[in-house]
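Here's the structure we're looking at; comments come further down.
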Amino acid sequence: MDTVLLSRIQFALNIGFHFLYPPLSIGLGLMLVIMEGIYLKTGKMKYKLMTQFWIKIFALTFALGVATGLVQVFAFGTNWSRYSRYVGDVFGSALAAEGVFAFFLEAGFLGVLLFGMDRVRKGVHYFATICVALGAHFSAIWIIVAISWMQTPTAYRVVGEGSQAKAEITDFWLMVFNPSSVDRIIHVVLGCWLAGAFFVISVAAYYMIRKKFQEIAHSMMRIGLIVAMGTLVLQLFSGDSSAKIVAKYQPAKLAAMEGVYETKPYTPLYLFGWVDKNTKKVRGLSIPAGLSLLTYWDAKKPVTGLDQIPKDEWPNVPAVFQFYHIMILLWGVMFVIALLGCVFWKKGSLDRHSWLLWPMVISVSFPMVALQAGWFTAEMGRQPWIVWKLLRTSQGVSPNINSSQVIGSITMFTVVYILLFALFIFLLDRKIKHGPSKIHETGKDSSSLYSDIYEIRKTEK
């Protein structure tokens, strides 16, 4: 098998598995800031118990995120040495900024967050919580800046020729604020907030079904639904803005996302369907002129089709189309769940609707799958370019590796990642079943918040 394709599969496996954890860490960072902020404002013990519980979950996801993220650095050197040479100046500056603005911030306050709630003053601990949450967000921001530059490169000059060519930054801040970076940052961060919100909703729904930790579960559900609903609305506008950026700077990607083979007026918007590569047609349900309206606010103006793009620059249209529409579909599913949850919550009858609570339990997977689908849409839609219009993916792979080496590493990574994921699920399941109550740590079995508070206050006295 082709070494380039195998190296792409290997990196997709690595980054795909790693990308399960940072969104949860970023989203839970926001949720912890909200939960602990409510505790400081109200002084209610249930919010302290809630915060302590989610700190443990945050620690687990954070640890897995760091461990799996380290592998990416080695992949640049082993499989993508030519690419590393080409973008080293750009990626090096962004990663250095990530270290200064993100890792140092997280490392400095992580210990206080994890172990300091009852050892430092409330305000100090809350400050540490905010700093760790900001650190997680800053980490995402600088990585997205580097990736966005690959999609819409600017503020650079190319020096050297052939395999020795490389891009050098001419204006650091212009590189940071490249044409797509702000939109991508907003879109990805909102997706991470959804991951955190639906994680909280999922656990709260599980407790409500099992009739455990009822007071805490109801408060968690309320916080999760409010954050989810607000973020879903914002994500709608962010997605529209991001699509317009793609239409302007990467027309081939937009054409693949919507299956536009022919440039013509009244370009339709497909709600769902499938792409027939042989006939170059999309079969499915569409809105006539919908894509023209969304892209240009002009039903007659045509969206650039693949017939205007050289065929050797076409991405994998069927794959990009399906990944993009999976992301859109899951946004719709999450919106319906959050909307119904808010309606029944306001009526005070959510507990009685198990037909909704069970989908809420599995809803934690929806933003995660949507994030992965969006990531694949962005990266596969950029092909065959690893740096848009500057460096092809085939030119970025290391020259001295062979297919058997890459297959061996893929097999090794697969086995290790399966074991890591199994361990993560085991530990996560144990923490969730243990619950947010300190009483369970003493061996007592009570899901009543009020008895929990009574026992805790007795112990404190």
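Observations
- Residue-wise HN-Hα coupling along region 92-101, computed from phi with Karplus coefficients 6.51, -1.76, 1.60 (Hz; x: Gly, Pro): x, 5, 5, 5, 5, 5, 4, x, 6, 8
- Residue-averaged [θ]222 nm for the chain, counting only DSSP H segments that reach four residues, each worth -39500 (n - 2.57): -24000 deg cm²/dmol
- Residue 391 long-range amide H proximity, modeled H, under 5 Å: 386
- Set of lysines with alpha-carbon distance to residue 41 below 16 Å, sequence-local pairs under 8 removed: 122
- For region 202-218 and region 173-196, distance of Cα centres in Å: 33
- Where trypsin sites (Lys or Arg not before Pro) fall in DSSP loop in region 92-136, at most 10 other Cβ within 10 Å: 119, 121
- All lysines inside 18 Å of residue 281 as judged from Cα atoms, apart from same-chain residues fewer than 8 positions distant: 253, 264, 311
- Working ranking of peptides 405-416, 179-190 by packing, defined as the average number of other Cβ atoms within 10 Å per residue, highest first, is 179-190, 405-416.
- Residue-wise HN-Hα coupling along region 213-221, computed from phi with Karplus coefficients 6.51, -1.76, 1.60 (Hz; x: Gly, Pro): 6, 4, 5, 5, 4, 5, 5, 4, 4
- A simple count of charges around residue 65, restricted to other residues whose Cβ falls under 14 Å of its Cβ and scoring Lys, Arg +1 and Asp, Glu -1, yields -2.
- Cross-link reach list, lysines versus residue 431, counting only Cα pairs under 23 Å and skipping chain neighbours closer than eight places: 44, 46, 48, 56, 211, 212, 444
- In this structure the amide hydrogen of residue 305, modeled in the peptide plane, comes within under 5 Å of the amide hydrogens of 263, none closer than 5 places in sequence on its chain.
- Centre separation in Å (Cα based) which lies between region 382-434 and region 299-324: 27
- The separation of region 261-277 from region 328-359, counted between C-alpha centres, amounts to 32 Å.
- Each peptide among 67-80, 4-17 gets the average number of other Cβ atoms lying within 10 Å of its residues, and from highest to lowest they stand as 4-17, 67-80.
- Ordered from longest to shortest, the equivalent ellipsoid semi-axes for region 179-401 are 38, 20, 15 Å, each the square root of 5 times a Cα gyration tensor eigenvalue.
- Along principal axes, Cα extents of the chain, largest first, whole Å: 74, 48, 41
- Short-range pairs are left out: with C-alpha atoms under 8 Å and at least six residues apart, the relative contact order of the chain is 20 percent.
- Of the GluC sites (Glu not before Pro) found in region 183-292, those that fall in a DSSP loop while having at most 14 other beta-carbon atoms within 10 Å are 262.
- Computed from Cα atoms alone, the Kirkwood hydrodynamic radius reported for region 238-294 is 11.7 Å.
- Applied to region 234-250, the Karplus parametrisation 6.51 cos²θ - 1.76 cosθ + 1.60 on θ = phi - 60° returns per-residue 3J(HN,Hα) values of 4, 5, 4, 6, 5, x, 5, 5, 5, 5, 5, 5, 4, 4, 6, 9, 9 Hz, with x for Gly and Pro.
Here, each number is a calculation from the coordinates, and none is a lab measurement. Just so it is clear, the model here is predicted, and its values are computed rather than measured. Every residue, glycine as well, gets a Cβ built from its backbone with ideal geometry; the counts of neighbours run over all protein chains shown.
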